[in-house]
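Starting off with a structure, shown below.
The values are calculated or read from the model by the stated rules, or taken from the named source; none is laboratory data. This is a predicted model, so every value here is computed, not measured. Virtual Cβ from ideal backbone geometry, glycine too; neighbours counted across all protein chains shown.
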4 protein chains.
Amino acid sequence: MARKADPTKKDRIIEAAARVFARKGYSGTLMASVAQEAGIGKGTIYEYFRSKEALFYAVFEHLMISTGVQVQAAVAAAADSSALRLQALADTLIRMWLPKLDLYSLVMEFWSATTTLPGRRQFKKAFRAAYTEFRDVIADLIQSGYDSGEFNAPADPHQIASVLIGSWDALLLQAWLDPEFDPLGASRQHMQLLLQGLRSAQPTEAQ
Amino acid sequence: MARKADPTKKDRIIEAAARVFARKGYSGTLMASVAQEAGIGKGTIYEYFRSKEALFYAVFEHLMISTGVQVQAAVAAAADSSALRLQALADTLIRMWLPKLDLYSLVMEFWSATTTLPGRRQFKKAFRAAYTEFRDVIADLIQSGYDSGEFNAPADPHQIASVLIGSWDALLLQAWLDPEFDPLGASRQHMQLLLQGLRSAQPTEAQ
Amino acid sequence: MARKADPTKKDRIIEAAARVFARKGYSGTLMASVAQEAGIGKGTIYEYFRSKEALFYAVFEHLMISTGVQVQAAVAAAADSSALRLQALADTLIRMWLPKLDLYSLVMEFWSATTTLPGRRQFKKAFRAAYTEFRDVIADLIQSGYDSGEFNAPADPHQIASVLIGSWDALLLQAWLDPEFDPLGASRQHMQLLLQGLRSAQPTEAQ
Amino acid sequence: MARKADPTKKDRIIEAAARVFARKGYSGTLMASVAQEAGIGKGTIYEYFRSKEALFYAVFEHLMISTGVQVQAAVAAAADSSALRLQALADTLIRMWLPKLDLYSLVMEFWSATTTLPGRRQFKKAFRAAYTEFRDVIADLIQSGYDSGEFNAPADPHQIASVLIGSWDALLLQAWLDPEFDPLGASRQHMQLLLQGLRSAQPTEAQ
DNA sequence: CATGAATGAGGCTTCATTCAT
DNA sequence: GATGAATGAAGCCTCATTCAT
């Protein structure tokens with residue numbers, strides 16, 4: 001499942017484009033720069049992508065998919081309790097982004113594309129779909145914690161899932177903004193507290 | 001004495017610009033559209049702002065400041081415990097954005113400006129400053145909860161603060177993406193769990 | 001005949017405009033700069049001049065006329081021989097420009113206006129008229145030297161006059177370009193040689 | 001390998017630009033007009049020149065250099081006496097400009113650029129350098145006339161050289177202004193008188 | 001398939017001119 | 001008359017896209 005050692009030219013363009021888009025933003029990126037970064041001629045890009053926007057969308061899909069794949073794997077691998085699985089997922093997500101934090105600004109650009117680009121519809125739809133799917137995965141994990149009696153606080157799994165995704169997003173964003181920041185530590189503390197909250201809500205009442 | 005200067009015109013331009021930037025994104029926004037939205041001539045904008053970027057920065061500042069002011073007020077007004085203050089703050093923040101959620105995409109654009117625009121330095125600096133200040137306000141609130149013995153979980157106030165900001169950001173974002181979503185409800189549930197976590201962390205284990 | 005001690009506002013504008021036009025060139029000059037230099041409001045200029053071009057033309061006329069007046073006076077005042085009169089004229093012309101050499105670039109701008117401006121016709125006509133008149137004055141002086149037997153070289157007075165005007169123009173231009181340059185000295189040497197040439201052409205024949 | 005680069009295109013643009021600049025002046029010239037005159041697209045100019053000003057400077061250099069080359073050749077070719085060489089130079093200069101007199105207004109524009117354009121420094125420097133070099137060439141010719149005993153009037157070669165250049169400039173200018181005018185004739189008469197003056201200065205005094 | 005020279009629509013910005021006060 | 005805020009036509013330049021080689 002790993003990418004080929006010698007990625008195809010299309011992938012090389014996508015990866016080059018990802019770097020440039022991350023560095024300069026969508027509007028700030030010149031097709032010429034992408035070509036240069038990929039070490040090819042400007043016209044060649046158009047052999048593989050209809051337009052700048054199509055290229056951007058390809059980058060978007062590429063990241064979405066590769067993130068999704070890794071997250072799925074992490075969830076599947078982790079064992080035992082829902083809490084441990086959630087923690088594993090959080091850790092995986094942050095760990096997979098840390099080494100390529102310089103690409104994280106792409107997420108911003110994708111969000112922005114959602115309102116800005118002519119083809120915003122497509123972006124918004126894909127974004128929403130990916131988001132919803134991700135949120136459902138997490139909500140399911142939480143739900144299974146309730147089912148097993150592991151959690152008992154009166155909270156809606158979907159809403160908690162939304163918050164979780166937001167927190168990871170925010171932590172990575174801050175790490176990107178401030179290299180000193182330790183997103184993994186913050187995430188773990190947050191997970192700790194949150195899981196504690198999910199578990200200990202009723203005990204108080206029980207007394 | 002010439003057509004008398006309307007002291008509100010600058011603000012009117014800023015507000016018109018905010019709407020257009022929110023709708024179209026920075027690059028997608030034409031100065032002509034802003035002028036039209038403001039009901040003035042294209043050249044008039046340049047009487048008040050050096051350039052498109054300067055106008056965008058003014059919008060940025062405007063939102064930053066107005067948000068900051070309202071948040072400060074909310075924190076100051078709320079009484080009693082740290083938990084209540086934090087909840088008041090969260091509620092205020094989300095409530096103040098809800099009616100103008102259509103402007104929320106601006107936050108994305110600001111983030112994006114941080115890497116995209118020629119004057120990205122200025123944006124990044126201002127952004128970081130505002131973020132840091134906001135985070136410190138929240139961290140202080142949390143800290144005072146520790147000082148008063150209200151909280152006892154072993155967590156770093158600054159890291160928790162970061163997560164909180166991220167969660168609000170994410171909830172508003174999702175509300176903007178999905179009109180069905182209830183950010184206030186999600187925020188309250190999250191606060192509930194988190195505050196619970198902050199209060200009950202170790203005692204349970206200690207037993 | 002001297003200008004009023006307190007020039008009228010129209011003249012103040014013309015003089016301010018002359019300074020700015022000389023400094024910045026026609027296109028480089030903003031009406032706002034002229035207004036500022038004249039210490040008045042931007043709109044006030046339009047009370048006195050139909051347009052920027054009209055103002056420029058007024059500056060042009062102003063300089064043409066004041067130069068013409070002084071030159072006429074110089075020619076009239078100088079006595080005796082044609083040679084002395086020519087020398088007096090040359091000296092006067094250069095001396096009157098030296099203290100306001102910073103305005104000399106205006107001459108360039110006028111020349112340029114002759115091809116550039118919408119109203120180039122008017123400029124070209126006025127320029128040609130002034131030039132022709134000036135050249136005729138000088139040609140007459142030379143002719144009277146022939147008439148009196150002072151000169152005897154076989155040369156056309158009008159062509160010599162053209163060269164003389166050109167030489168003064170060039171010397172002032174160079175003085176403007178290079179503050180070290182001594183246009184008065186160069187002019188005198190040239191006049192010396194030329195007058196010598198005008199006188200001594202025939203000696204060969206005389207023998 | 002893409003549309004093959006036409007090595008003459010840059011020069012073709014320069015020549016087209018020269019015509020338009022000469023006709024309309026610097027400010028009056030539209031990049032679109034230059035493109036049209038050159039029979040290419042507007043954007044193509046920018047493949048070869050950074051900006052309108054850079055294009056103008058290229059035109060400037062082009063004319064400076066081609067003039068310089070031809071003048072050098074003329075001086076080198078002419079034989080015998082200094083007087084003959086000077087006359088050959090004058091004739092060459094005027095003859096080379098006569099057929100392209102419609103470009104002569106460019107000289108005005110260059111002068112004007114010296115004060116008007118943002119990059120005036122560059123223009124002024126180049127202009128001064130070219131001028132100085134040209135003047136020195138002529139001064140050397142005159143000096144060699146003194147060295148050989150051909151001339152004996154007490155005149156400074158550099159100052160005479162300045163006047164000569166000025167006279168040529170002025171004659172061409174007048175020819176441009178007035179198609180009737182015969183600059184070659186006027187130049188020859190002037191040279192005649194001046195050379196006569198340079199040779200016969202002392203005899204008069206001797207009397 | 002690959003290239004990069006050529007293109008021209010499009011947008012920011014300037015600034016002469018107008019006109020309400 | 002005097003002013004300067006408002007205006008919008010106009011122009012330089014950028015850059016995604018095309019297409020001849």
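Okay, residues lined up against (1) at pLDDT below 90; (2) not acidic (Asp, Glu):
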position	(1), (2)
D:TRP111	yes, yes
D:GLY145	no, yes
D:GLU150	no, no
D:PRO179	yes, yes
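Given (1) more than 14 Å from chain C (Cβ to nearest Cβ); (2) at pLDDT 95 or above; (3) within 13 Å of DNA strand F (Cβ to nearest atom), identify the lone condition not met by D:ALA38.
Of everything listed in (1) more than 14 Å from chain C (Cβ to nearest Cβ); (2) at pLDDT 95 or above; (3) within 13 Å of DNA strand F (Cβ to nearest atom), D:ALA38 misses just condition (3).
Just to be sure I understand, how many residues within region D:17-35 are closer than 19 Å to D:ALA113 by Cα, away from chain C (no Cβ under 14 Å) and without any contact (Cβ under 8 Å) to a residue 40 or more places away in the chain?
Residues that pass the stated criteria total 2.
Continuing with the same structure: Give B:LEU84, B:LEU93 a once-over and let me know the one that is on the phi < 0 side of the Ramachandran plot and in contact (Cβ under 8 Å) with a residue 60 or more places away in the chain.
B:LEU93
Name the helices (runs of 4 or more DSSP H) wholly inside region C:134-207 in which the number of residues that are among the β-branched types (Val, Ile, Thr) is 2 or more.
By residue number, C:157-177.
Could I ask something else about it? Residues that are free of Cβ contacts under 8 Å to residues at least 12 places away in the same chain and touching a Gly at 6+ places or on another chain (Cβ under 6 Å): does region C:106-115 have at least one?
Yes, region C:106-115 contains a residue that is free of Cβ contacts under 8 Å to residues at least 12 places away in the same chain and touching a Gly at 6+ places or on another chain (Cβ under 6 Å).
Pick from D:VAL20, D:VAL59, D:VAL71: which is among the β-branched types (Val, Ile, Thr) and closer than 22 Å to D:SER167 by Cβ?
D:VAL71
Further, regarding this structure: Mind checking whether some residue in region D:147-154 is within 11 Å of chain C (Cβ to nearest Cβ) and under 29 Å from D:ASP182 (Cβ atoms)?
Yes, because at least one residue in region D:147-154 is within 11 Å of chain C (Cβ to nearest Cβ) and under 29 Å from D:ASP182 (Cβ atoms).
Given the conditions (1) of a type in the set (Val, Ile, Thr); (2) within 24 Å of A:ALA17 (Cβ to Cβ); (3) more than 10 Å from every other protein chain (Cβ to nearest Cβ), which single one is not true for A:THR116?
Tallying (1) of a type in the set (Val, Ile, Thr); (2) within 24 Å of A:ALA17 (Cβ to Cβ); (3) more than 10 Å from every other protein chain (Cβ to nearest Cβ), A:THR116 fails exactly one: (3).
For B:ARG50, which of the numbered conditions (1) within 25 Å of B:MET108 (Cβ to Cβ); (2) part of a helix (DSSP H, G or I) fails to hold?
The one condition B:ARG50 does not meet is (2).
In addition: Condition first: surrounded by 14 or more Cβ atoms within 10 Å (Cβ to Cβ), within 16 Å of DNA strand E (Cβ to nearest atom) and either in contact (Cβ under 8 Å) with a residue 60 or more places away in the chain or more than 14 Å from the chain's Cα centre (by Cα) (or both). Now tell me which residues in region C:48-75 satisfy that.
C:TYR48, C:PHE49, C:LYS52, C:GLU53, C:ALA54, C:LEU55, C:PHE56, C:TYR57, C:ALA58, C:PHE60
Yes/no matrix, rows are residues, columns are (1) basic (Lys, Arg); (2) part of a helix (DSSP H, G or I); (3) within 14 Å of DNA strand F (Cβ to nearest atom):
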residue	(1), (2), (3)
D:ASP6	no, no, yes
D:ASP11	no, yes, no
D:ILE45	no, yes, yes
D:ALA54	no, yes, yes
D:VAL59	no, yes, yes
D:THR67	no, yes, no
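May I pose another question? Of these, B:LEU172, B:LEU164, B:LEU194, B:LEU184, which one is at the interface with another protein chain (Cβ under 7 Å from one of its Cβ atoms) and modelled with pLDDT of 90 or more?
B:LEU194
Is it fair to say C:ALA83 is within 14 Å of chain D (Cβ to nearest Cβ), small (Gly, Ala, Ser), within 25 Å of C:THR132 (Cα to Cα) and part of a helix (DSSP H, G or I)?
yes
Go through (1) buried (at least 16 other Cβ atoms within 10 Å of the Cβ); (2) closer than 30 Å to A:TYR26 by Cα one by one and return the number of the condition A:PRO99 breaks.
A:PRO99 satisfies every listed condition except (1).
Is there a residue in region B:80-87 that is of a type outside the set (Ser, Thr, Tyr), over 17 Å from B:GLN143 (Cβ atoms) and surrounded by fewer than 20 Cβ atoms within 10 Å (Cβ to Cβ)?
Checking region B:80-87: not a single residue is of a type outside the set (Ser, Thr, Tyr), over 17 Å from B:GLN143 (Cβ atoms) and surrounded by fewer than 20 Cβ atoms within 10 Å (Cβ to Cβ).
Just for region A:112-160: of the residues that are surrounded by fewer than 20 Cβ atoms within 10 Å (Cβ to Cβ) and among the hydroxyl-bearing types (Ser, Thr, Tyr), which one is farthest from B:THR29 (Cα to Cα)?
Applying the filter and picking the extreme gives A:SER148.
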